[in-house]
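These notes concern the structure reproduced below.
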Amino acid sequence: MLAAATIAILVVMLLAIIRCIVGPTLYDRILAFNFFGTKAILLISVLGFLMGRPEFLDIALVYALINFISVIGVLRYSDSAEFKVTPYPPSSTQEGDK
């Protein structure tokens, strides 16, 4: 049963990577990255249980903290003006310029 759970987690992680690449907006990509990190933590925990290595839970906790801090950092940086890209530049020929 745990081997099937591991395979299912890997499939879900693959889907999260696809969403991270294809995502229509920045926030969809960040959410997919966070989801991938959460599933990686679950995968580390399940593999640790399968192999009989309880120290994998410590590694999973450290990875959870790194994932949380990195997502907060990316969200903080994405709010800055350098990161934002306007899809269409403002036109210089407006009604008031004549």
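The values are calculated or read from the model by the stated rules, or taken from the named source; none is laboratory data. What you see is a predicted model; the values in this text were computed from it and never measured. All Cβ positions, glycine included, derive from the backbone under ideal geometry; neighbour counts span all protein chains shown. To get the accessible areas, we keep the full protein, side chains included, count just its heavy atoms, and leave off ligands, DNA and RNA. Shrake-Rupley method; radii C 1.70, N 1.55, O 1.52, S 1.80 Å.
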- request: Round to the nearest 10 and report in Å² the accessible area of MET51, as given by a 1.4 Å probe over the protein chains' heavy atoms.
  value: 110
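Could you tell me what percent of the accessible area of segment 1-63 is made up of carbon and sulfur, with a 1.4 Å probe and every protein chain present?
79
If ASP79, ASP28 are ordered by their accessible area, calculated over protein heavy atoms with a 1.4 Å probe, which sequence runs from highest to lowest?
Correct descending sequence by accessible area is ASP79, ASP28.
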- line: Applied in sequence order to segment 52-62, the curve 6.51 cos²θ - 1.76 cosθ + 1.60 (Karplus, θ = phi - 60°) yields integer Hz couplings, x standing for Gly and Pro, of x, 10, x, 6, 5, 5, 5, 5, 5, 5, 5
- prompt: So for the pair ALA3, ILE21, with labels modelled 7 Å out along Cα→Cβ, what separation do we get in nm?
  reply: 2.9
query: How do VAL22, VAL12 stack up against each other in accessible area, from largest to smallest, with a 1.4 angstrom probe?
result: VAL22, VAL12
field: Relative contact order of segment 1-81, pairs being alpha-carbon contacts under 8 Å that are 6 or more residues apart, as %
entry: 26
